[in-house]
Amino acid sequence: MLRYLAGDFMLPVKGFQKTSVIDYPGKMCSVVFVAKCNFRCPYCQNPDLILNYKKIPTIPEREIFEHLDKKRKWVDGVCITGGEPCLYESLVDFIKKLKSMGFLIKLDTNGTNPEMLKYMIKKKLLDYIAMDIKAPINRYSEVAGVKVNVMDIRRSVSMILKSGIDYEFRTTVVPKLFGDEDMISIGKWLKGAKRYCIQQFRPMKTLDKSYEKEGAYPEIKLRALAGIAESKKGLKYDGRKGLARLGMVFGIPLLILGGLLIIIVVAVVIIVLAVIYAIIVSGG
């Protein structure tokens, strides 16, 4: 039986990022942000989706589908994140509509609903799964901030590894919560996984405000943690330092924005040189 929230008829989409080049590896995608989560990770960087989602207007599905229909030529897929999308039965129908439009689907999940994952994998509704690994299995409830059924977590990991679908596992490493021994334990657990991402903790806006005062690991420490995973347990590390939704500025992808800034700078330099040249010529 699928586990979901009662009274769930429409997916509560609280955010829609029209263009992203970082949320779906190798693809141009749109990102859908869903309300609520069954975890309370203190370092969570989307606290409004957890605590204040009722104050955030729900975006009608019609608006999302209409926009995507116009952008089929430029958008490869849709990343569905949260919050925790697998809390909702309506997620399945939402994805079916997107698949019928020809979009690839990437799902971000905490792995607490293996029944729904199993169903969507069986029905070929998913093209990429990104599952958060919060901690070694023996510390899961401590780091997630709630009592966690770790058997569900284990089942989801096992299912993803055997699914034949592209995937990644990822861990946000907070110095206060995560050290070398934790990396060793996760390495043993996920041994053989083809992609594992160590995500940098960014103390900007967190569920537990005290974590905004916590420091982050320096680059050299992140690489050391990656080395532990790789050398001891054969875990293949994907060295992305953070996926903190920093790929957009005012709705513009950073890569495009960077290109525009370069063009503007070059244009300004050319204009300045032209003015200087005109002054020199006129003065002569």
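The values are calculated or read from the model by the stated rules, or taken from the named source; none is laboratory data. All of these numbers come straight from a predicted model, not from anything done at the bench. Every residue, glycine among them, receives a Cβ derived from its backbone with ideal geometry; neighbour counts consider all protein chains shown.
Here are a few things to note about the model shown:
- Any pair with Cβ under 8 angstrom, 6 or more apart, that starts in the stretch 44-71 at a residue that is farther than 21 Å from Thr172 by Cβ and surrounded by fewer than 11 Cβ atoms within 10 Å (Cβ to Cβ) and ends at one that is modelled with pLDDT of 95 or more and of a type in the set (Lys, Arg): Pro57/Lys14
- Per-region count, the stretch 107-127, residues assigned to a helix (DSSP H, G or I) and either of a type outside the set (D, E, K, R) or surrounded by 17 or more Cβ atoms within 10 Å (Cβ to Cβ) (or both): 6
- Out of Ala244, Ala224, sole residue that is modelled with pLDDT of 90 or more and either over 24 Å from the mean Cα position of the chain (by Cα) or of a type outside the set (S, T, N, Q) (or both): Ala224
- Scanning the stretch 145-180 for residues that are charged (D, E, K, R) and in contact (Cβ under 8 Å) with a residue 12 or more places away in the chain gives Asp152, Arg154, Arg155, Asp166, Glu168, Arg170, Lys176, Asp180.
The rows are residues; the columns are (1) surrounded by fewer than 20 Cβ atoms within 10 Å (Cβ to Cβ); (2) at pLDDT 95 or above; (3) part of a helix (DSSP H, G or I).
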{"site": "Val75", "(1), (2), (3)": "no, yes, no"}
{"site": "Phe94", "(1), (2), (3)": "no, yes, yes"}
{"site": "Gly102", "(1), (2), (3)": "yes, yes, no"}
{"site": "Ile105", "(1), (2), (3)": "no, yes, no"}
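- Some residue of the stretch 194-206 being of a type in the set (Lys, Arg), part of a helix (DSSP H, G or I), in contact (Cβ under 8 Å) with a residue 24 or more places away in the chain and in the same structural domain as Asn110 (by TED's automatic domain parsing): no
- Within the stretch 109-129, the set of residues being under 16 Å from the mean Cα position of the chain (by Cα) and free of Cβ contacts under 8 Å to residues at least 60 places away in the same chain comprises Thr109, Gly111, Leu126, Asp127, Ile129.
- Lone unmet requirement of (1) in contact (Cβ under 8 Å) with a residue 60 or more places away in the chain; (2) under 29 Å from Phe16 (Cβ atoms); (3) not basic (Lys, Arg) for Ile80: (1)
- Filtered residues of the stretch 22-59 (kept if at pLDDT 95 or above, among the hydrophobic types (A, V, I, L, M, F, W, C), closer than 21 Å to Val75 by Cα and assigned to a loop (DSSP other than H, G, I, E, B)): Met28, Ile59
- Residues being in contact with a Leu (Cβ under 6 Å, 6 or more places away or on another chain), part of a helix (DSSP H, G or I) and within 22 Å of Pro47 (Cβ to Cβ) - total across the stretch 77-90: 2
A quick yes/no check of all residues on (1) modelled with pLDDT of 90 or more; (2) outside the structural domain of Asp180 (by TED's automatic domain parsing):
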position: Asp208; (1), (2): yes, no
position: Pro218; (1), (2): yes, no
position: Ile228; (1), (2): no, no
position: Lys232; (1), (2): no, no
position: Gly239; (1), (2): no, no
position: Pro253; (1), (2): no, yes
position: Ile262; (1), (2): no, yes
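- The condition of being buried (at least 20 other Cβ atoms within 10 Å of the Cβ) and farther than 19 Å from Cys44 by Cβ holds for only one of Ala130, Ala224, Ala193, Ala144, that being Ala193.
- If you go through the stretch 46-67 and keep only what is more than 15 Å from Lys205 (Cα to Cα) and either within 20 Å of the chain's Cα centre (by Cα) or not acidic (Asp, Glu) (or both), you end up with Tyr53, Lys54, Lys55, Ile56, Pro57, Thr58, Ile59, Pro60, Arg62, Ile64, Phe65, His67.
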